[in-house]
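Structure, as structure tokens:
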Amino acid sequence: MSTPITHEFQAEVKQVLDIVIHSLYTDREIFIRELVSNAADALEKMRLTQLTENEIFQAEKNLEISITTDETAGTLTIADTGIGMTRDELVENLGTIAHSGSKAFASALKNAGKGGDASLIGQFGVGFYSAFMVAEEVKVYTHSWRGKAEHLVWSSTGVGTYTIDEAPDQDRGCRIVIKLKEDAKDFAKTWNVKSVLGKYSNFVGFPITLNGERVNTVEAIWLKNKDAVTEEEYESFYKFTAKAFDKPSYRLHFQADAPLVINALLFLPEQNMEMFGMGQMEPGVALYCKKVLIDPSPPKLLPDWMRFVKGVIDSEDLPLNISRESMQDSALVRKLGEVVSKRLIKFLDKEAQDDAKKFQEFYAKFSRFFKEGIATDHANRDAIAKLLRYESSMTGKGEVISLSDYVKRMKEDQKAIYYQVAPSRSAIEGGPYLEAFQSKGYEVLFLYESIDEYVVSMLPEFEGKKLQAVNSPDVDLGDITSEGDALSEADATAFTTWLKETLGTGVEDVRPGKRLVSAPALAITPEGEMTPQMRQMMKALKPDEIEAPKVILEINPKHELIKKVHQLRSQDTDLATLLSEQILDNALLSAGLLDDPQRVVSRTEKIMARIAA
Ligand code: ADP
Ligand code: MG
């Protein structure tokens, strides 16, 4: 006789179990989906193992899932002929959570509100534990596909510990026996289980039987004609293939014959799971060849940034025996990915034009992926750029436009697409840069995320127009007419020369500017220098290595303060110097380049003391 060995659950597992047992009362039926999906995963792994291994335990067994109910005993049993688990694997897979799943799960549940949203659970890699919503006790009988493995049973009531014991005469795979809680006895009723399976598991790619009777259809709906698929079928297929709980935002179902024969059914989700703190998603579009699954998550099929896209691509041009390894280097697969990704971006662009509001809502959650695409996906860069959306000096707050919209309303004499990167609308509107552009009637795009700076740097042109930062030294606005007398040219030259000497190493150059309207001066980032946003990022990373900023100071020869300082130079050099330094610091502050605000405080105190005296 063997004795059961007791193991403690890892702390993260205890936390998940605690939530599952005590906080989830709704959607309890999804535990069936989770266990069936695990069984299907194990069968899929078995199918791949068979391709490469010779010695397999019970090799003759068909790959299938059998579910049985026992109303008298109050149990539900889900058995598969998949890879099964060894003792170590039981501990590893059912006693620990390998990644941050539990934490992300807990916080997502908090957002979902009272009663919890159990349907979320599969997304976080903790689906197995959902069984404890309904189970008094769970037993997992198993034998691994490896010939010499042990016959085992894992059991637990979900509180603190589990045991593993020997259990002779197991078949290959897993047989999970759920002893149902008193209030969950309905899950031992055939009709009930059947309806849950119909809802979630209809598309599982292996036969499922319930009490001996076949229940799923194993249908490749992506091969069907669009007219032959109902909305419900699409939605339920999406939920199945994406293991999702939301409804898809967009759906693209298409067939192509050239250059490759393709049947694709793609979905864009409603929720961005990476925003839940789950880390990078795996690729979500499976690759099939004539209904046979080649890879559920092929890394090199679609560009990496498209990992939020879900669905299926089926091409009969692929050789059926293509292995996952050779698939990754296959020119055919690359071509397939190219064709589909182009098509998808074009589709989205069209959708965005047809229903801008819907796209804006989608974009608000998924813009990160498009921006990543511009940075990394050279082939699709210009097409993705059409999907970017920004606020601007001509939109209201929260209202966005595309770069194409911008180009359409550019002024005739306008040379470039102008943008400013800053943390907020008010920072831009309150700053000194915008005014000159507005006085010419030029629109300025407002870019609020630091990644935007990088994005536009990857996009030197859009529809033949250059993109230019408002603080770039190359900005040429031509003449700006504004009221008032300016310093004469000779005075301006004398003054800027003096100012450059006085300010010393703090400035690379001082020059009279044309683009100012009401500010006395502004800071321009010289060619080849880091932009203020880049500099801020670097400073956050390596505060000791970052040098004082180098700027070109453009002064406004018409500004009263500038004219006054010019006069003061000969009358009161001390005060003129203090004011000049303050003008520079104000310009640096507006540019996001002021490293040492403290010096402003002491200087303004000195200036105030002079005025008060
Ligand atoms: P996930 O399926 O996202 O990995 P689960 O909590 O559903 O997370 O399952 C945890 C792990 O337990 C699986 O990754 C798998 O290794 C193992 N497992 C669960 N069910 C089975 C099964 N029927 N056959 C073999 N292994 C299984
Ligand atoms: Mg699972």
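The values are calculated or read from the model by the stated rules, or taken from the named source; none is laboratory data. Remember, predicted model here, so these are calculated numbers, not experimental data. So basically every Cβ, Gly included, is an ideal-geometry build from the backbone, and we count neighbours across all protein chains shown.
Observations on the structure shown:
- Matching residues, the stretch 451-492, being over 34 Å from the mean Cα position of the chain (by Cα) and of a type in the set (Gly, Ala, Ser): Gly478, Ser482, Gly484, Ala486, Ser488, Ala490, Ala492
- When Met278, Met327, Met306 are checked against the criterion of being at pLDDT below 80, in contact with an Asp or Glu (Cβ under 9 Å, 6 or more places away or on another chain) and surrounded by 16 or more Cβ atoms within 10 Å (Cβ to Cβ), a single residue qualifies: Met327.
- Identification of helices (runs of 4 or more DSSP H) wholly contained in the stretch 396-512 with 3 or more residues that are touching a Lys or Arg at 6+ places or on another chain (Cβ under 8 Å), surrounded by 18 or more Cβ atoms within 10 Å (Cβ to Cβ) and assigned by TED's automatic domain parsing to the domain that holds Pro532 yields 489-503.
- The stretch 235-257: number of residues that are touching a Leu at 6+ places or on another chain (Cβ under 8 Å) and of a type in the set (Ser, Thr, Tyr): 2
Every residue, every condition in (1) more than 16 Å from ligand 2 (Cβ to nearest atom); (2) in a loop (DSSP other than H, G, I, E, B), yes or no:
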position: Val13; (1), (2): no, no
position: Val16; (1), (2): no, no
position: Val36; (1), (2): no, no
position: Glu44; (1), (2): no, no
position: Arg47; (1), (2): yes, no
position: Glu55; (1), (2): yes, yes
position: Leu63; (1), (2): yes, yes
position: Thr69; (1), (2): yes, no
position: Thr77; (1), (2): yes, no
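- Residue within the stretch 157-177 that is among the basic types (Lys, Arg) and in a helix (DSSP H, G or I) present: no
- Among (1) in a helix (DSSP H, G or I); (2) more than 10 Å from ligand 1 (Cβ to nearest atom); (3) not aromatic (Phe, Trp, Tyr), the one test that Leu90 misses: (2)
- Total residues in the stretch 34-53 satisfying the condition of being surrounded by fewer than 16 Cβ atoms within 10 Å (Cβ to Cβ), of a type in the set (Ser, Thr, Tyr) and within 13 Å of ligand 1 (Cβ to nearest atom): the figure is 1.
- Qualifying residue in the stretch 107-118 (condition: at pLDDT 70 or above, of a type in the set (S, T, N, Q) and within 16 Å of ligand 2 (Cβ to nearest atom)): no
- All strands (runs of 3 or more DSSP E) inside the stretch 203-285 with 1 or more residues being not assigned by TED's automatic domain parsing to the domain that holds Lys335: 208-210
- Residues satisfying the stated conditions in the stretch 585-613, i.e. within 16 Å of Leu553 (Cα to Cα) and either of a type outside the set (A, V, I, L, M) or at pLDDT 95 or above (or both): Asp585, Asn586, Ser590, Gly592
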